[in-house]
Amino acid sequence: MPVHNNHDSGYIYVYEGENLNIGDMLRSIKFSESFQTSEYNLEFFKTTYGITNSYWQNLNIMYHLINDTEIRNFLIRTGDDLKILLLYIPIFVQKYFYDDKISLELVQDPDTGKSLLRSYIHTKLSAQEATRKLSKIDDLSAKLETSNTLDNFLLNVEFEWMEFDWEDYHSLACELVLDDSPAKKRTSINRSYYSAYCIARDFLISNKAYLNNENKQTINSPESKAHSEVRKTFRDLHNVHGRGDKKIGRKIFKTLNRLRDKRNLADYQKEFSNLENEANKCIIDSRNVIDNLDNFL
């Protein structure tokens, strides 16, 4: 059965029937500029309990489900209001983001420890344009939100940018150090460190150069401990696995240590002696780390 669209009245609603065909809805639904609560026909959903095969198939059409079994079990325990919202969100997304994909994942809230559904619109739009459109979706979905949906669901945007080249940080450091501003010279030191660190970290990851499983997990994580693990890996890889040039590894270890210390001083300390000279040294140290990687393995 097709989706009913009464464009003359401005109403937009899903037909009442045994099966809800979201695929047809996404292809044929049209939007009016304004929505009224009465325009949402929710009777079909109010009489639906649990997760039917039809509902689950439709959810698979509308979202990329990252951990589908966990999502299904979570939805079985939640109220119908959240299930309803999940069916409408992709329709709102299509209105403003057109062909962009949308994913759904069950995650753990780091603040409360509770499980919640997190949905991402994967887009190549600019941050300013995407934020503006996301605000419009928030306005539309507000008419369907309850305390349950607000507690258990979050919609956000994930930007699909081109892969970043960490060398650009080094180029930026070279530009900033030429400015008389102490803030820019300090930022130059920061970028020098992160250029060297990120390139060195990615080098280990791409070459699967780890000391052990714990070391691997930490290096691939956003934890602050990853910084020391990267340095330690260059120092110890030869002794532990016989991989890598021992002398070059220790040189990279020492240089990254020195860069890290200077970055901490630049970022956190009010007093910094010989700032311009140290910033230039950091640029040289950063380049040495990057260049030495070619001869390490």
How long is the gain from C198 to K95 if the chain were fully straight, where each residue apart is worth 0.36 nm and the alpha carbon distance is subtracted? 33.3 nm
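Per-residue counts of other Cβ atoms within 10 Å, averaged by peptide: what ranking do you get for 259-268, 218-227, highest first? Working shown, then result.
Details: 259-268: 16.5, 218-227: 13.8.
Averaged packing, sorted descending, gives the order 259-268, 218-227.
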Calculated FRET efficiency for the pair S228/D68, C-beta based, R₀ 41 Å, to 0.05: 0.65
Cα→Cβ-extended label distance, 7 Å offset, between D245 and Q57, nm: 6.2
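I need the calculated FRET efficiency for the pair D291 and N156, taking r as the beta carbon distance and R₀ as 45 Å, to the nearest 0.05. Walk me through the intermediate numbers first.
Details: r = 39 Å, r/R0 = 0.87.
After rounding to 0.05, the efficiency reads 0.70.
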Size of charge dipole - region 167-295 - debye, nearest 20, with Cβ of Lys, Arg +1 and Asp, Glu -1, no other charges: 580
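Read-outs throughout are calculated quantities, based only on the coordinates presented, and are distinct from any laboratory measurement. Bear in mind that the values here come from a model prediction, so they are computed numbers and not experimental data. Ideal geometry is used to build each Cβ from the backbone, glycine not excepted, and the neighbour counts take in all protein chains shown.
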